[in-house]
Amino acid sequence: MLGARRWLVVLVLLVVVGVVEVSSDSLLDAALPFPLDTLVVMTVITFATLLGASIAFRRVDRLASTLQQRNAELEARHRSAAALHRVSMALSALPELQAILDAVVDDARRLLDADVALLVLTRADGLAGLQATSGKPGVAGPADFDRSGAGPGSDFRRFVRPELLRSQLAAPLRRGGRTIGTLAVGSLSERDYGVDAIEILASLASQAAIAVENDRLQRELRELAIRGERERIAREMHDGLAQVLGYVNTKSQAVEELLAAGRVDEARSHLAELATAARSVYVDVREAILGLTSPIVPERGLVGALEEYAQRYSEASKLVAVVVADAPARELALPPQVQAQLYRIVQEALTNVRKHAAAQRACVELTVDGDALRITVDDDGRGFDLGASESSAWPHFGVRTMRERAESLGGAFELAPRPDGGTRLRLALPLPRVFEAGVS
């Protein structure tokens with residue numbers, strides 16, 4: 001369409017020039033002497049040219065103005081997108097929810113050139129509270145926000161001085177189909193917020209909602225992990241310590257009866273068994289405390305923690321325990337909860353070796369084989385009674401706990417005799433499943 005208009009202008013100019021030329025030959029030559037006829041012709045052509053150029057220039061100016069406006073809009077969108085990208089990268093690096101929400105309100109106020117920004121969250125009981133604020137220096141400060149506490153309703157305007165909301169814009173924080181809060185900005189002066197401002201605020205509100213939801217899920221995961229660990233410890237105490245104490249109680253009653261009957265030698269034999277049981281419980285408690293108070297230092301990782309535990313274990317049990325690991329296993333950065341579970345499995349395996357295997361040496365080996373971490377615990381003792389190991393009866397209560405820990409990580413657990421004597425525990429942990437599931 002634009003090309004046709006251009007050619008139409010050219011055609012009109014040609015027609016005008018042609019008409020003038022014909023008129024000059026038939027009329028002007030007879031009416032006006034030379035060079036007046038030529039001056040008239042040149043004047044008419046010049047006027048027509050200027051008129052056509054004026055029309056063309058106005059059209060070009062309109063097109064140039066439209067192009068500049070579109071370029072300005074694209075540049076503004078690009079700046080907004082770049083700013084939001086920087087904000088997203090910065091938010092992803094923040095570890096705590098409050099730090100993320102503080103950054104969101106600061107970025108909202110800065111990107112939208114507002115005087116104030118605030119974020120209100122609605123709790124599960126329906127009460128809304130002020131969670132984060134940002135004020136332009138010299139315009140708004142902490143005293144301009146109402147931090148008296150949560151209240152009914154989700155209207156963000158009751159949390160800030162009304163004068164600061166002469167013009168305002170708000171975006172909801174949504175989780176699924178439910179609104180969990182509001183992100184809002186306001187200014188002292190009247191202004192109109194355009195589509196870009198609405199999109200920026202909505203994007204920031206979405207990021208804040210994701211951060212709130214992630215924090216909730218992380219808290220639930222931590223609570224589940226703590227609850228699971230408490231349940232495992234309770235089962236271990238019930239199946240281990242409680243049964244030993246029950247054994248001690250039974251033996252002590254037998255000693256009383258034997259002493260009452262004058263059977264002193266038999267009573268002494270029972271007392272010796274009680275002393276052995278007490279020493280066993282003492283060692284169990286020491287090992288449990290050692291395991292619970294031996295943190296996995298991030299710089300050393302799982303292998304370093306196991307090496308330290310093996311050294312203390314060897315000193316306490318007079319049984320040689322060594323840890324062998326290949327380079328990939330040493331460099332493997334597993335999530336903390338996964339490391340803790342693997343640490344407990346190896347700890348329980350070595351406890352069983354000390355108590356039931358009659359071994360002189362135990363070896364813990366960690367290797368990365370393809371996409372799996374493999375852990376093997378070998379001993380040179382007499383081996384386990386596999387049938388009893390699968391039951392919950394003393395003294396093989398730890399096998400069930402080890403298997404539960406391994407299966408909770410998606411790993412495969414196996415306990416079997418070694419061909420040359422002793423027992424071998426094998427654990428295979430699929431690394432892709434651990435990292436893709438985000439076990440942490």
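Remarks
- Some residue of the range 95-111 being in contact with a strand residue (DSSP E or B) (Cβ under 8 Å, 6 or more places away or on another chain), under 23 Å from Arg175 (Cβ atoms), assigned to a loop (DSSP other than H, G, I, E, B) and at pLDDT below 85: no
- Residues in the range 40-74 that are of a type in the set (S, T, N, Q) and within 30 Å of Gly194 (Cα to Cα): Ser65, Thr66, Gln68, Gln69, Asn71.
- Which listed residue is out of contact with any Lys or Arg (no Cβ under 6 Å at 6 or more places or on another chain), surrounded by 12 or more Cβ atoms within 10 Å (Cβ to Cβ) and within 22 Å of Arg354 (Cα to Cα), from Leu245, Leu271, Leu259: Leu245
- Across the range 295-318, the qualifying residues are those that are of a type in the set (A, V, I, L, M) and surrounded by fewer than 18 Cβ atoms within 10 Å (Cβ to Cβ), and the one among them that is modelled with the highest pLDDT is Ala316.
- When Ser280, Ser187, Ser269 are checked against the criterion of being in contact (Cβ under 8 Å) with a residue 40 or more places away in the chain, outside the structural domain of Val105 (by TED's automatic domain parsing) and of a type in the set (Ser, Thr, Tyr), a single residue qualifies: Ser280.
- Within the range 152-184, being aliphatic (A, V, I, L, M) and either in contact with a Lys or Arg (Cβ under 6 Å, 6 or more places away or on another chain) or assigned to a helix (DSSP H, G or I) (or both) holds for Leu164, Leu165.
- Output for the range 299-340, where each listed residue is in contact (Cβ under 8 Å) with a residue 40 or more places away in the chain and assigned to a loop (DSSP other than H, G, I, E, B): Leu319, Asp326, Leu332, Leu334, Pro335
- Subset of the range 120-136 [of a type in the set (A, V, I, L, M) and not in a strand (DSSP E or B)]: Ala124
- Any hit, the range 194-201, residues being closer than 15 Å to Leu101 by Cα, without any contact (Cβ under 8 Å) to a residue 40 or more places away in the chain, under 28 Å from the mean Cα position of the chain (by Cα) and crowded, with 22+ Cβ neighbours inside 10 Å: no
- Some residue of the range 140-156 being buried (at least 20 other Cβ atoms within 10 Å of the Cβ), at pLDDT below 90 and under 16 Å from Thr182 (Cα atoms): yes
- For Leu258, the criteria (1) at pLDDT below 85; (2) in contact with a His (Cβ under 9 Å, 6 or more places away or on another chain) hold in every case but one, which is (1).
- Among (1) at pLDDT 90 or above; (2) surrounded by 19 or more Cβ atoms within 10 Å (Cβ to Cβ); (3) touching a helix residue (DSSP H, G or I) at 6+ places or on another chain (Cβ under 6 Å), the one test that Gln347 misses: (1)
- Restricting the range 366-397 to residues that are surrounded by fewer than 16 Cβ atoms within 10 Å (Cβ to Cβ) and within 22 Å of Ala428 (Cβ to Cβ), the residue that is modelled with the lowest pLDDT: Glu390
- Members of the range 121-135 found to be at pLDDT 90 or above and either over 22 Å from the mean Cα position of the chain (by Cα) or not assigned by TED's automatic domain parsing to the domain that holds Ile198 (or both), listed by number: Thr133, Ser134, Gly135
The values are calculated or read from the model by the stated rules, or taken from the named source; none is laboratory data. Here the structure is a predicted model, which means the values were calculated and not measured. Note that each Cβ is placed from the backbone with ideal geometry, even for glycine, and that neighbours are counted across all protein chains shown.
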